[in-house]
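Single-structure report; data block below.
The values are calculated or read from the model by the stated rules, or taken from the named source; none is laboratory data. Predicted model only: the values in this text are computed from it and were never measured. Backbone-built Cβ (ideal geometry, glycine too); neighbour counts: all protein chains shown.
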Amino acid sequence: MLDHAPLLVTISAGLVAAFVLGFAAQKIKLSPIVGYLAAGLLIGENTPGFRADPDLAQQLSEIGVILLMFGVGLHFSLKDLLSVKKVAIPGAVVQMTLATALGTFLGHWLGWGWGPSLLFGLALSVASTVVMLRALEDRGLLDTRAGHIAIGWLIVEDLAMVVALVVIPVVGGSGTTSFGDLAGELAVTILKVALFVAVMIVFGRRVIPWILARTADTGSRELFTLGVLALSLGVAVGAAAVFGVSFALGAFFAGTILKESELAHRAAEDSQPLRDTFAVLFFVSVGMLVDPAIAVHRPVALIATVLAIVVGKGVGAYALVRLMKYSKSMSLVIAASLAQIGEFSFILVALGAEYDILPGDAQDLVLAGAILSIVVNPALFAWASRSYVAKVTDDRTTGETGPIAYVGEDHTVVVTFGRVGRRIASGLWARDMPAVVISDDEDHVREIREAGHEAILGNAVRSKVLHAASIETAHTVLVGIPDPIQAGAVVAKIRRLAPSTTIVARGHRQVDVDYLTEMGADRVYVGVHEIADLMVASAADPEEPRD
């Protein structure tokens, strides 16, 4: 009856199965990704019963990859990476090298050639962003030093995977065996990628933000969301058609270019539901590739793969962080957060299958190993982070680090401690007005507390951080964040949590005033407007002293 609508059937079956099994996984404290992968296994060709169309599922997964990589680019933060560069960059490079080597030798031991073994090792070397962030957030460690290092480490891994997305199609698609011919093809590909990057930097960084700004000016949220999706998919497909680069690479650069726009946060927020939906379909399509028989046919190989992921990567990361003179508790947290694999490993497996690089059992081992590593990671992370969580809790009590819960009422909350935030807070403290600062910079928080004032470490868009600042009883909240889109997200969250609190924000132009007011701000100050008013006042009454 439904043979005429295979696309509808495939999407419906995938989403329904993913919802049911993802919900079940969440209930038993596992990552929903486990449920999505299990859903794919359930409707795939390797299990009895209903079978979804594998070709359509593959095409849907391509859209999922594009939107996943677009999201990675949209959230790529060079600032976050540079803040922990002394440990994250060398640590990630060495750890990935060791994990890749371990996986390569494991693959060779299992009887594969060096090429497939190398790709197998690379797939075992990169951790899942989704799983890591979930683990850190669940334990309240996202805004700690360990959390920042782990995220920076992951950014380096993501960049390495972007390079892999350039190299693998060349190596896998080349029909030549000559090193010279292969080097020539790789050079041509790198030249195409460089040309694509140059076009994106010269034209893309002007055109893409301009298009989104004009779309935002229409006032239509629907049209703005459509514009974001059209740009992400359009750039990805256009880059593949014109420059021969992968969809994933094109989408990543579209995200990084869009991040420079003032509308980046709104773009991320508005496109999130659709990106999440297709990401789920991507995981479902990956699950459809898993052959559960691998556990019976090659149990030793599967156990060795899981050990390489969980023990090999974990021990390697722990040793590296300890060598850099960090504490045992912090080293354990970072090691446990990296002791799993996920979405990038799946993308590599899909590439390996597309170019016939990986044998079938290698794909099954990576996929099954990923599922098992994601399953065991919550328990492993809970064990590894116990002492660090206890230390953070103690530090919160003593005021050294972490989001101390500020107990008070009729106080002022200052969001950020940049140039404007610092001046605001200093002015309040000079007048003996009760005030608490929220900042995601550990050095700023430590500086404030050492001076005897109240500060909360964390991102003000998170409810937990705002509750720690006693937002419900605050008289006024002063949002000094210079980025109006980020400030708008914070203002909207504060307005939901504290409807009666007065919210004052800053902007740069009239469109910021309109946007922040729409988000819930009571007043928005624009620097040029205030300067003009003060200058007019000075001209009208030159004898009046002013600060």
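Can residue 19 be described as among the aromatic types (Phe, Trp, Tyr), out of contact with any Asp or Glu (no Cβ under 8 Å at 6 or more places or on another chain), assigned by TED's automatic domain parsing to the domain that holds residue 276 and more than 26 Å from residue 252 (Cα to Cα)? In short, yes. Regarding residue 294, is this residue free of Cβ contacts under 8 Å to residues at least 60 places away in the same chain and closer than 22 Å to residue 33 by Cα? For residue 294, the condition - free of Cβ contacts under 8 Å to residues at least 60 places away in the same chain and closer than 22 Å to residue 33 by Cα - is not met. Of all the criteria given as (1) within 30 Å of residue 39 (Cα to Cα); (2) modelled with pLDDT under 85; (3) among the small types (Gly, Ala, Ser), the one not satisfied by residue 362 is (2).
Scanning region 314-325 for residues that are of a type outside the set (Val, Ile, Thr) and surrounded by fewer than 19 Cβ atoms within 10 Å (Cβ to Cβ), we see that the one that is modelled with the lowest pLDDT is 325.
Answer with yes or no whether residue 57 is farther than 12 Å from residue 281 by Cβ, in contact (Cβ under 8 Å) with a residue 60 or more places away in the chain and hydrophobic (A, V, I, L, M, F, W, C). Answer is no for this residue. For region 426-466, the tally of residues that are closer than 22 Å to residue 500 by Cβ and under 24 Å from the mean Cα position of the chain (by Cα) stands at 9.
Per-residue answers, yes or no, for (1) modelled with pLDDT of 85 or more; (2) surrounded by fewer than 18 Cβ atoms within 10 Å (Cβ to Cβ); (3) within 16 Å of the chain's Cα centre (by Cα); (4) among the β-branched types (Val, Ile, Thr):
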{"position": "238", "(1), (2), (3), (4)": "yes, yes, no, no"}
{"position": "243", "(1), (2), (3), (4)": "no, no, no, no"}
{"position": "253", "(1), (2), (3), (4)": "no, no, yes, no"}
{"position": "256", "(1), (2), (3), (4)": "no, no, yes, yes"}
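Could we say that residue 15 is surrounded by 13 or more Cβ atoms within 10 Å (Cβ to Cβ), under 23 Å from the mean Cα position of the chain (by Cα) and in a loop (DSSP other than H, G, I, E, B) here? So residue 15 does not fit the description; no.
Before we move on, is residue 231 at negative phi, buried (at least 18 other Cβ atoms within 10 Å of the Cβ) and not in a helix (DSSP H, G or I)? The answer is no for residue 231.
Meeting the requirement of 3 or more residues that are more than 16 Å from residue 428 (Cβ to Cβ) and among the acidic types (Asp, Glu), the helices (runs of 4 or more DSSP H) wholly within region 438-547 are 442-450, 510-519.
In the set (1) in a helix (DSSP H, G or I); (2) surrounded by 24 or more Cβ atoms within 10 Å (Cβ to Cβ); (3) of a type in the set (Val, Ile, Thr), residue 94 fails one condition alone, (2).
Residue 30 meets each of the listed conditions (1) among the aliphatic types (A, V, I, L, M); (2) assigned to a helix (DSSP H, G or I); (3) in contact with a helix residue (DSSP H, G or I) (Cβ under 7 Å, 6 or more places away or on another chain); (4) within 30 Å of residue 315 (Cα to Cα) apart from (2). Among the conditions (1) of a type in the set (Gly, Ala, Ser); (2) under 16 Å from the mean Cα position of the chain (by Cα); (3) modelled with pLDDT of 80 or more; (4) more than 21 Å from residue 343 (Cα to Cα), the only one that residue 271 does not satisfy is (4). Against the test of being under 12 Å from the mean Cα position of the chain (by Cα), among the hydrophobic types (A, V, I, L, M, F, W, C) and assigned to a helix (DSSP H, G or I), the options 122, 133 yield a single qualifying residue, 133.
Flag not set for residue 37, criterion: crowded, with 21+ Cβ neighbours inside 10 Å, within 24 Å of residue 364 (Cα to Cα) and more than 24 Å from the chain's Cα centre (by Cα).
Take the conditions at pLDDT below 80, surrounded by fewer than 16 Cβ atoms within 10 Å (Cβ to Cβ) and β-branched (Val, Ile, Thr) and apply them to residue 218. Does it pass? It is false that residue 218 is at pLDDT below 80, surrounded by fewer than 16 Cβ atoms within 10 Å (Cβ to Cβ) and β-branched (Val, Ile, Thr).
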